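Report on the following structure.
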Amino acid sequence: MTEQTLRRFNIVSAYMNNQTEEQWQKMLAEIGETVGVLEDNNSEHEPQRQIKVRVQFQKVESDAPDGGRSGFLYIMPEGYGEADAARGHGSPVFMEIWEGELRVIVRPDILDNEDRTQTIIPLEDAREDRVTDWDS
């Protein structure tokens with residue numbers, strides 16, 4: 001999507017959602033994205049498998065009375081997705097802070113739209129401040 005097309009889309013979306021273009025531009029500025037390539041470094045086969053991966057951070061502000069904010073880090077390998085997402089836009093792995101704790105959520109089955117196979121991995125035991133004898 002070209003920058004001009006994106007700008008037009010934002011204007012139409014802002015009109016349809018009764019928001020100003022400035023509000024949409026602010027929201028888009030808060031979305032960051034990085035693209036990289038994972039390579040199979042443990043394979044005896046040539047050519048080695050490569051998968052393009054997009055990592056996107058999205059900050060979300062809530063309309064809740066407490067003015068809550070949260071953020072999500074989406075990990076989107078090309079060709080992989082989740083049941084309730086459009087092709088090319090799914091994130092089978094993402095990170096969030098839930099009730100004050102960092103966690104990773106993995107959705108390994110694209111056909112599971114009820115999250116039966118979803119795995120939640122809490123990362124609080126991986127906090128560096130739990131180690132008292134670092135060899136600095």
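Within the range 95-111, what residues put their amide N at less than 18 Å from the label point 7 Å along the Cα-to-Cβ vector of LYS59?
Hits in the range 95-111 for LYS59 at 18 Å: 95-98.
Less than 15 Å Cβ to Cβ from PRO108, Lys/Arg counted +1 and Asp/Glu -1: what total charge do the surrounding residues give?
-4
Between ASP133 and ILE75, what FRET efficiency comes out of the Förster formula 1/(1 + (r/R0)^6) with R0 = 30 Å and r the beta carbon distance, rounded to 0.05? Show your work: numbers first, answer last.
On the way: r = 32 Å, r/R0 = 1.07.
The pair ILE75/ASP133 has a calculated efficiency of 0.40.
Please give, to one decimal in nm, the separation of the simple spin-label points placed at ARG49 and ASN113, each 7 Å out from Cα toward the Cβ.
Rounded to a tenth, the inter-label distance reads 2.7 nm.
Rank-order 74-87, 105-118, 122-135 by packing density, defined as the average count of other C-beta atoms within 10 Å over each peptide's residues, highest first.
Listed from highest to lowest mean packing, they are 74-87, 105-118, 122-135.
Rule-based calculations on the coordinates, nothing more; no lab input. The shown structure was predicted, so the numbers you read here are calculated from the model rather than taken from an experiment. Positions of Cβ are backbone-derived with ideal geometry, glycine not excepted, and every protein chain shown enters the neighbour counts.
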